[in-house]
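What follows is a single structure, written as structure tokens, with notes after it.
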Number of protein chains: 2
Amino acid sequence: MDADDTRNRVLQAAGKIFAESGYELGTVREICEQAGANIAAVNYYFGDKKSLYLAACVEAQCVREGAVPMPEWPPGTPPAQRLRDFIHTFLRRLLEEERPAWHRQLMLREMATPTEACSQVVEDYIRPMALVLRGIVEELLPAGTSEVDAFLIGFSVVAQCLFYHINQPIASRLMGTDEYGRLTIDKLTEHITRFSLAALGYAAPLTRPAGQAEFVSHERAH
Amino acid sequence: MDADDTRNRVLQAAGKIFAESGYELGTVREICEQAGANIAAVNYYFGDKKSLYLAACVEAQCVREGAVPMPEWPPGTPPAQRLRDFIHTFLRRLLEEERPAWHRQLMLREMATPTEACSQVVEDYIRPMALVLRGIVEELLPAGTSEVDAFLIGFSVVAQCLFYHINQPIASRLMGTDEYGRLTIDKLTEHITRFSLAALGYAAPLTRPAGQAEFVSHERAH
DNA sequence: GCACGATTGAAACAAACGTTTGAATAACTG
DNA sequence: CAGTTATTCAAACGTTTGTTTCAATCGTGC
């Protein structure tokens, strides 16, 4: 029996069960049963339940980041385009179905109700993206924009993406399950990008036909 | 000993503890100890723990709605102004400190990680606001706007408000605790209103000085 | 004051949980 | 092959939890 195999089986089962049921309701016995391992394996390989949970969160973060990497833009890429790509990437990380599904679901749980154990993991997940977005926003804004306003604008963009991740049950209910289920990542990307760029003056407002010049030529007061 | 008093003491203690610790970690023993009641009181007054939780959620919803009522607008109030008031009210419900604090915190928990027991309570909390917002958005949009787009626009507005409710720990960390702590509900109202109205063409984009005509005269294609 | 229903309290129950223990088994190395 | 280390297992431990039980006490109405 391969040691890495047992450890990994427990970790995968743990991720799945913690993602479905959360930390408290997910039990060590259930995890080990599903992993085909003895209950003492948790103590042997991870030390205790809490450390197993942390290991699962770290695994989820690594896999998710690796599966949907942040794009690399050639120099001179307009910030509006980079914003679109950022939103698309972020939405893919948040919403894209993957097999197995637990990585995304576990990160969702951790973001919705943070545990002390994984606050650093979540921050490691979020901060690189926050830095990318910050760079984009700074290029979109005129010089002299306050730091607070820049943050608020970034939050407004991120909030729209997170909404479909965190509030999916409520949104689905308000909109109707069928209609909501037809929303695609591309559709949401287009909407959020346009809403945000319009707010910043880089796209026509949503009350104007989208066929009009979508990217408004915009001179920056440098 | 007044029966309503014991029942109410248990309910208040439960709300507080469920808000702080969640359903699983909040124990019947701790609740009864804090309420100065015997453990059998839960079965006697509420039936079981789950029903006690439901009663606490219902209480939180009623109190919260009562404390921050949705405004009533005189006929002819411009939709942009109504949107501002809506956002302000919503933010107050989400963010405004109140004593005791558990009503808001419990609704936050329920919205972040919905339980089966309270999905109807949350919907009862959200749906009236969704209807108000929908009315406002429909007046802001040109005739012929698809229902899906109207929903997405409403979600974009709501998402920005919810962000400061649900993602407060992360946002605080990215922005710095001091800076974040200085954000007021009025400041957020101004930002979210302007971002949203600019996206819809009713305000100058955020890249233009706010001093310019803040409410853009807007003719609707009716 | 009495009867009845409401309320409260202490003790107990049964189940579940994370963790530990120590022996058995398997794997590895010289 | 023997010794050592690694891994696995079943049983047990101690604690906690929601719930139940039933008697005692309290409150109310006639």
Q: Just grab the label-to-label distance for B:R92 and B:T113, each label 7 Å out from Cα along the Cβ direction, in nm (one decimal).
A: 3.2 nm
Q) Put a point 7 Å out from Cα along the line to Cβ at A:R127; what are the distances to that point in the other copies, in nm, shortest first? A) 4.4
Q) Can you work out the FRET efficiency for the pair B:E72 and B:S21, with r the C-beta to C-beta distance and R0 = 35 Å, to the nearest 0.05? A) 0.40
**Q.** Diffusion coefficient, µm² s⁻¹, Stokes-Einstein with Kirkwood Rh over alpha-carbon pairs of the range B:3-47 at 4 °C and 1.567 mPa s
**A.** 128 µm²/s
Q: Report the local net charge at A:C118: Lys and Arg +1, Asp and Glu -1, summed over other residues whose C-beta lies under 12 Å from its C-beta.
A: -3
Q. Can you flag which of A:K16/B:K49; B:K16/B:K50; A:K16/B:K50 are past 22 Å Cα-Cα?
A. A:K16/B:K49; A:K16/B:K50
Q) Roughly how many debye, to the nearest 20, is the charge dipole of the protein assembly as shown about its Cα centre, given +1 on each Lys and Arg Cβ, -1 on each Asp and Glu Cβ, and no other charges? A) 300 debye
Q: Send over the per residue convex hull volume for the range B:64-200, Cα only, as a whole number of Å³.
A: 128 Å³
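What 222 nm value per residue comes from the helices of the protein assembly as shown, counting each DSSP H run with n ≥ 4 as -39,500 (n - 2.57) and dividing by all residues, nearest 500 deg cm²/dmol?
Estimated from H runs of four or more residues: -22500 deg cm²/dmol.
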Q. If you roll a 1.4 Å probe over the range A:46-125 with all protein chains in place, what percent of the accessible area is carbon or sulfur?
A. 54 percent
Q. Want the number for B:T145 to B:R29: 0.36 nm per residue separation, take away the alpha-carbon distance, what's left?
A. 36.3 nm
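Treating only the Cβ atoms of Lys and Arg (+1) and Asp and Glu (-1) as charged, compute the dipole magnitude of the range A:3-47 about its Cα centre; round to the nearest 20 debye. List each step's numbers first, then the result.
Numbers: 4 positive and 6 negative charges, 14 e Å.
Charge dipole, the range A:3-47, about its Cα centre: 60 debye, nearest 20.
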Q | Computed magnitude of the charge dipole of the range B:64-200 (debye, nearest 20; Cβ of K, R +1, Cβ of D, E -1) | A | 300 debye
Q: Treat each spin label as a single point 7 Å out from the Cα along the C-beta direction, and report the A:D5 to B:L131 distance in nm.
A: 6.0 nm
Q) How big is the Kirkwood radius of the protein assembly as shown, worked out from every pair of different alpha carbons and given in Å to one decimal? A) 23.7 Å
Q) Taking chain B as a Gaussian network, Cα atoms linked when under 10 Å apart, which of B:E123, B:E24, B:E139 shows the biggest mean-square fluctuation? A) B:E24
Q: For chain A, find the longest principal axis of its Cα atoms and tell me its angle to the long axis of helix A:119-140, 0 to 90°, nearest 10.
A: 10 degrees
Q. Sorted from shortest, what are the nm distances separating the label point of B:N43 from equivalent points in the other copies, each placed 7 Å from Cα along Cα to C-beta?
A. 3.4
Q | Pairwise burial B:A, computed as accessible area of each alone minus the pair, summed, 1.4 Å, Å² | A | 4800 Å²
Q: Could you work out the relative contact order of the range B:64-200, using alpha carbon pairs under 8 angstrom and six or more residues apart, expressed as a whole percent?
A: 35 percent
Q | Folded to 0 to 90 degrees: helix B:79-95 orientation relative to chain B principal axis, Cα | A | 30 degrees
Q) What are the label-to-label distances in nm, one decimal and shortest first, from B:P75 to the same spot in the other copies, with labels 7 Å along Cα to Cβ? A) 6.4
Q: Determine the equivalent ellipsoid of the range A:1-129 by diagonalising the alpha-carbon gyration tensor, then write out the semi-axes as square roots of 5 times the eigenvalues, largest first, rounded to whole Å.
A: 33, 14, 12
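Within the range B:131-183, which trypsin sites (Lys or Arg not before Pro) sit in a loop by DSSP and count at most 15 neighbouring Cβ atoms inside 10 Å?
Of the trypsin sites (Lys or Arg not before Pro), the ones in loops of the range B:131-183 whose Cβ has at most 15 other Cβ atoms within 10 Å are B:R182.
Which FRET efficiency value, to the nearest 0.05, is calculated for B:K50 and A:S172 with the Förster distance at 25 angstrom and r the Cβ-Cβ distance?
Computed FRET efficiency for B:K50 and A:S172: 0.55.
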**Q.** Within-12-Å neighbourhood charge of A:P169 [Cβ basis; K, R +1; D, E -1]
**A.** -2
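The values are calculated or read from the model by the stated rules, or taken from the named source; none is laboratory data. All values derive from a computational prediction rather than experimental measurement. No Cβ is skipped: glycine too gets one built from the backbone with ideal geometry, and neighbour counts run over all protein chains shown. Note: accessible area is taken over every heavy atom of the protein model, side chains too, but ligands, DNA and RNA are not part of it. Shrake-Rupley method; radii C 1.70, N 1.55, O 1.52, S 1.80 Å.
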